[in-house]
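Values in this text are rule-based calculations from the coordinates and carry no lab data. Since we're looking at a predicted model, the values are computed, not measured. No Cβ is skipped: glycine too gets one built from the backbone with ideal geometry, and neighbour counts run over all protein chains shown.
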Amino acid sequence: MKRGKKLYEGKAKIIYATNDKNLVIQYFKDDATAFNNQKKTIIEGKGVLNNRISEHILLNLSQIGIKNHLVKRLNMREQVIKLVEIIPIEFIVRNVATGSITKRLGIEDGTVLKEPLIEYCLKDDKLGDPLIAEEHIFAFDWATKKEIEKVKKMILRINDFMIGMFRGVGIKLIDFKLEFGRLKVNDKDEVILADEISPDTCRLWDSITDKKLDKDRFRKNLGDLIPAYTEVAKRLGILHEQSNVSVVNVTKLSSVKRKRK
Ligand code: TMP
């Protein structure tokens, strides 16, 4: 698979063309941003961990019939994915109230929700990804009713599956963000899961101690982000005890290579 020209650069990933018009390469950067890019830094090794964790989750989701964009992981930082037209909505799924909802609605941090809550945000950095109602999606044709019905069903299955997967390794799935895209199949649009699912896009708390194992370590200046993401990867069985060293080494090697370019 040959990496072609850069098609798009987001805050944490870059998309490159390939020699197949239906496939692109998704490159995971080490950049960490929060509060719509107001706070940013580079955390060496983050991209490598997110690539592995997202691959693991998306492969598991395919096995339960959730169609998604992942074709295969190429190397430590890159995946081949299907080119989709991203629906411009961030779908936020909450099992426990924390983060923006606690401030917006005055809900006590850590309140367990009776059932999963889905919120919609318009994917527009210039506007700060504002919260929108479902009606806005239809009023402005961001997606059809049929697409949203399908997405909601997929979201609830993804949530059920991920709650169980994380619970099995002593982690509570507090909330997360999903993105979906349209794919042309036999001239018909199909909606599939896209983007990434990683500790950058989920809130993950240790089941016993409530220790944060996600990007809140960066958002709230808690430090030790890489050890937390590594812990998630190890518990999911992606990294083994001894491979901790190799992730760091490969990361260092790839950054040396980058600097030499
Ligand atoms: P929030 O509490 O800040 O609204 O975040 C809810 C969840 O969505 C949390 O797991 C982090 C994730 N998220 C993203 O992945 N990207 C974003 O741009 C935002 C705002 C949240």
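Rounded to the nearest whole Hz, the Karplus-based 3J(HN,Hα) values (6.51 cos²θ - 1.76 cosθ + 1.60, θ = phi - 60°) of the range 204-210 follow the sequence 10, 10, 4, 4, 8, 9, 6, with x at glycine and proline. Report the one residue of ILE137, LEU213, LEU113 whose Cα lies farthest in the direction of the positive end of the charge dipole of the chain (charges on C-beta: Lys and Arg +1, Asp and Glu -1; origin at the Cα centre). Result: LEU213, furthest along the dipole toward the positive end.
Annotation: amide H of ARG203 within the under-5 Å range of ILE174, ASP175, PHE176, sequence separation 5 or more or interchain, hydrogens built in the peptide plane. Comparing PHE180, ILE81, LEU61 along the charge dipole axis of the chain, the residue lying farthest to the positive side is ILE81, per the Cβ-charge model.
Report summary: the helix-based calculation at 222 nm, which adds -39500 (n - 2.57) for every DSSP H run with n ≥ 4 and divides by the residues of the chain, gives -10500 deg cm²/dmol. Judged by the gyration tensor of its Cα atoms, with axes a ≥ b ≥ c, the range 1-84 is oblate; a/c meets the 1.5 cut and b/c is at least as large as a/b. For the peptides 2-8, 97-103, residues were scored by their other Cβ atoms within 10 Å and the scores averaged per peptide; the highest-first order is 97-103, 2-8.
Can you classify the range 97-199 as rounded, prolate or oblate using the Cα gyration tensor, where a ≥ b ≥ c are the square roots of its eigenvalues, rounded means a/c under 1.5, and otherwise it's prolate if a/b beats b/c and oblate if not? Oblate shape, in that a/c is at least 1.5 and b/c is the bigger or equal ratio. Here the dipole of the range 23-144 is about 480 debye; that uses its Cα centre as origin and unit charges on the Cβ of Lys and Arg (positive) and Asp and Glu (negative).
In a reduced charge model with +1 at each Lys and Arg Cβ and -1 at each Asp and Glu Cβ, the range 81-122 shows a dipole moment near 20 debye about its Cα centre.
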